[in-house]
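Worksheet for the structure shown next.
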Ligand code: SF4
């Protein structure tokens, strides 16, 4: 996919960072794959939630200085949300995979449709 081709981006030149919990379940992996797709479509740059969670100064500062932040959690436990709250970061679009009618299971198979649901919810959250 060509960068910037599929997102209808309205913040040309703006720095959008995308975070996903990338957790150990279908829901976490759907969050991860949605972040990859959003990056590939040019919606923003998939960034490392673990680095922010670990309090790595440069990574926390990058997250803080972004124009917009997208956060995708797999389930209501909200690990990404907890990381953001601890660092005082706001998400401009926040999506929880299980709130889109996707049931969390400890297995790793998922469909393109499930990923697309999350991608669409993020775009809606960003007002695109
Ligand atoms: S938000 Fe849910 S799926 Fe994601 S890492 Fe936390 S417990 Fe796992």
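The values are calculated or read from the model by the stated rules, or taken from the named source; none is laboratory data. Computed from a prediction, not measured in an experiment: that's the story for all the values here. Counting neighbours? That spans all protein chains shown, and the Cβs are built from the backbone with ideal geometry, glycine included.
Give me the residue from region 29-47 that is without any contact (Cβ under 8 Å) to a residue 60 or more places away in the chain and not in a loop (DSSP other than H, G, I, E, B) and, out of that set, nearest to the chain's Cα centre (by Cα).
From region 29-47, those without any contact (Cβ under 8 Å) to a residue 60 or more places away in the chain are 32, 35-36, 39-40, 42, 44-47; that's our starting set.
Okay, now just the ones that are also not in a loop (DSSP other than H, G, I, E, B), so 32, 35-36, 39-40, 45-46.
Values: 32: 7, 35: 5, 36: 9, 39: 10, 40: 13, 45: 10, 46: 7 Å.
In this case the residue turns out to be 35.
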Would you mind telling me which numbered condition in (1) within 11 Å of residue 21 (Cβ to Cβ); (2) away from the ligand (no atom under 16 Å from the Cβ) residue 78 fails?
-> (2)
Flagged in region 50-86 as more than 20 Å from residue 14 (Cα to Cα), outside any loop (DSSP other than H, G, I, E, B) and touching a helix residue (DSSP H, G or I) at 6+ places or on another chain (Cβ under 6 Å), in numbering order, are 51, 52, 53, 73, 80, 83
Could we say that residue 128 is over 16 Å from residue 20 (Cα atoms) and surrounded by 12 or more Cβ atoms within 10 Å (Cβ to Cβ) here?
-> yes
Single residue of region 48-68 satisfying the filter (within 14 Å of the chain's Cα centre (by Cα) and within 16 Å of the ligand (Cβ to nearest atom)) that is surrounded by the most Cβ atoms within 10 Å (Cβ to Cβ) = 49
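Conditions (1) surrounded by fewer than 19 Cβ atoms within 10 Å (Cβ to Cβ); (2) within 16 Å of the ligand (Cβ to nearest atom); (3) at pLDDT below 95; (4) under 15 Å from residue 120 (Cβ atoms), marked per residue:
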{"residue": "8", "(1), (2), (3), (4)": "yes, no, yes, yes"}
{"residue": "14", "(1), (2), (3), (4)": "yes, no, yes, no"}
{"residue": "43", "(1), (2), (3), (4)": "no, no, no, yes"}
{"residue": "72", "(1), (2), (3), (4)": "no, yes, no, yes"}
{"residue": "90", "(1), (2), (3), (4)": "yes, no, no, no"}
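Is it true that residue 100 is within 16 Å of the ligand (Cβ to nearest atom) and either under 12 Å from the mean Cα position of the chain (by Cα) or at pLDDT 95 or above (or both)?
Working: within 16 Å of the ligand (Cβ to nearest atom): yes; either under 12 Å from the mean Cα position of the chain (by Cα) or at pLDDT 95 or above (or both): yes.
It is true that residue 100 is within 16 Å of the ligand (Cβ to nearest atom) and either under 12 Å from the mean Cα position of the chain (by Cα) or at pLDDT 95 or above (or both).
For region 107-124, state whether one or more residues are within 16 Å of the ligand (Cβ to nearest atom), closer than 13 Å to residue 16 by Cα and within 15 Å of the chain's Cα centre (by Cα).
Going residue by residue through region 107-124, those that are within 16 Å of the ligand (Cβ to nearest atom) are 107-110, 114-115, 117-118, 121-122.
Next cut, closer than 13 Å to residue 16 by Cα only: 122.
After this cut, where a residue has to be within 15 Å of the chain's Cα centre (by Cα) as well, the list is 122.
Among the residues of region 107-124, at least one is within 16 Å of the ligand (Cβ to nearest atom), closer than 13 Å to residue 16 by Cα and within 15 Å of the chain's Cα centre (by Cα), which makes the answer yes.
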